[in-house]
Amino acid sequence: MPEGDTIFRTARALNRALAGHTVTVFESVYPALMRVDEDAPLAGRAVVGVKALGKHLLIEFSGGLTLRTHLRMNGRWHLYQQGEPWHAPRSAVRVVIATARHVAVAFDVQVAEFVTARGLARHAVMAALGPDLLSETFDEGEALRRLDRAGEMTVAEAVLNQRIVAGIGNVFKCEILFVCRISPFRPVASLSDEERVALLRCARRLLTANVAEGSERPPAPYAFRRTTPFVNPGARLWVYGRPGRPCRRCGSAILSRKQGPDARLTFWCPLCQPQPQEPGMTPSAEGASGDVSAGGVGRNAGLAAARTRSRVRGRVREPTLRPGGKLR
Ligand SMILES: [Zn+2]
């Protein structure tokens, strides 16, 4: 799923190609968009700019009209030179914006709407967004206040909640909590002030590191993301997508489990991210319910490994583990 870093890089690539240029063609499969285009044609308008706000991508046109898209699970924007073949089927096309030199195509984008400048300011979803982690003017104090109101919500659900902070998706959720050594299942209320500040700063650092200058094209969601310092391209992430594999810090098997009302898959290391023990709680209680997958031991090891292989396509190689748990 595209996260804040993907949207940020996509917006930057689209902005460089389209801003200041005149729209020559606008098409969409969405009748609501085409109605606006019939009343006040997009062709002939200039693209004023493209920006990301959390996970929303905003394309502003002259005349006070903005196209808001949200990529949800599978949506993506591609950018092509005029005449270049497209890398996705026509049946997946939702929106096309062409200029004399470029064609921007939204594939499988499910949320697309035109909003006026005034409508944007009053937009219910946009107005409720928490501070944007990738914004240069990120308001840490406001993010802390919103986090404080999360109370008994688990920290994994809280960081995914775009009304608390904007920009974190499921991959970064898992990675940030691992780096901060915080169990995803702890209620926010149990976090110390230091842990909350460390969490926000870590989120900002990891997201920002993933929007460094690169290709001019919008990125594929998983092609570039990296949260570890390892050179090995197969070791870009700490825990996400690695159930049953050894933790890159301690060698324990990474666990995974569906979490929260949306049943998003959480990956974590039970040793690096301990759940503070409550009276009467057994050491295994954390992973005792739900859809737990912790391969690498006993009869299920082969199955879990196969599952891992099928989930993480294109991985090059994991770092191997020496006896004693040191990473080679
Ligand atoms: Zn570990």
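Applying 1/(1 + (r/R0)^6) with R0 = 25 Å to the Cβ-Cβ distance of R201 and A117 gives a FRET efficiency near 0.15.
Using a cutoff of 8 angstrom between alpha carbon atoms and counting only pairs six or more residues apart, the relative contact order for segment 80-147 works out to 19 percent. Restriction of the GluC sites (Glu not before Pro) in segment 120-154 to DSSP coil positions whose beta-carbon has at most 16 other beta-carbons within 10 angstrom yields E136, E152.
Anisotropy class assigned to segment 123-276 is oblate, per the alpha carbon gyration tensor with a/c at or over the 1.5 cut-off and a/b no larger than b/c. Set the Förster radius R0 to 25 Å, insert the Cβ-Cβ distance between F224 and A19 as r into 1/(1 + (r/R0)^6), and round the FRET efficiency to 0.05. Using R0 = 25 Å, I get an efficiency of 0.65. Listed by chain and number, the aspartates and glutamates whose C-alpha is less than 18 Å from the C-alpha of K51, apart from same-chain residues fewer than 8 away, are E3, D5, E60, E113, D132, E136, E213, E216.
Computed from backbone phi, the HN-Hα couplings of segment 14-19 come to 5, 4, 5, 7, 9, 4 Hz, rounded to whole numbers (Karplus: 6.51 cos²θ - 1.76 cosθ + 1.60, θ = phi - 60°; Gly and Pro given as x). So what's the net charge close to A92: Lys and Arg +1, Asp and Glu -1, counting the other residues with Cβ under 13 Å from its Cβ? Residues near A92 contribute +2 overall. Of the GluC sites (Glu not before Pro) found in segment 187-278, the ones in coil according to DSSP and having at most 13 other Cβ atoms within 10 Å of their Cβ are E213, E216. Charge dipole (Cα centre; +1 on Lys/Arg Cβ, -1 on Asp/Glu Cβ; no other charges) of segment 133-243 amounts to roughly 380 debye.
Restriction of the chymotrypsin sites (Phe, Trp or Tyr not before Pro) in segment 48-103 to DSSP coil positions whose beta-carbon has at most 14 other beta-carbons within 10 angstrom yields W86.
Overall, the anisotropy analysis places segment 4-127 in the rounded class: the square-rooted eigenvalues a ≥ b ≥ c of its C-alpha gyration tensor yield a/c less than 1.5. If you plug the beta carbon distance of R90 and V125 into 1/(1 + (r/R0)^6) with R0 = 51 Å, you get a FRET efficiency near 0.95.
Mean sequence separation of contacting Cα pairs (under 8 Å, at least six apart), scaled by the length of segment 23-157, corresponds to a relative contact order of 23 percent. Taking the Cα centre of segment 4-127 as reference, the dipole from Cβ charges on Lys and Arg (+1) and Asp and Glu (-1) amounts to some 360 debye.
Every number in this text was worked out from the coordinates using simple rules, so none of it is lab data. No experiment lies behind these values; they were computed from the predicted model shown. Because the Cβ atoms are built from the backbone with ideal geometry, glycine has one as well, and the counts that use them run over all protein chains shown.
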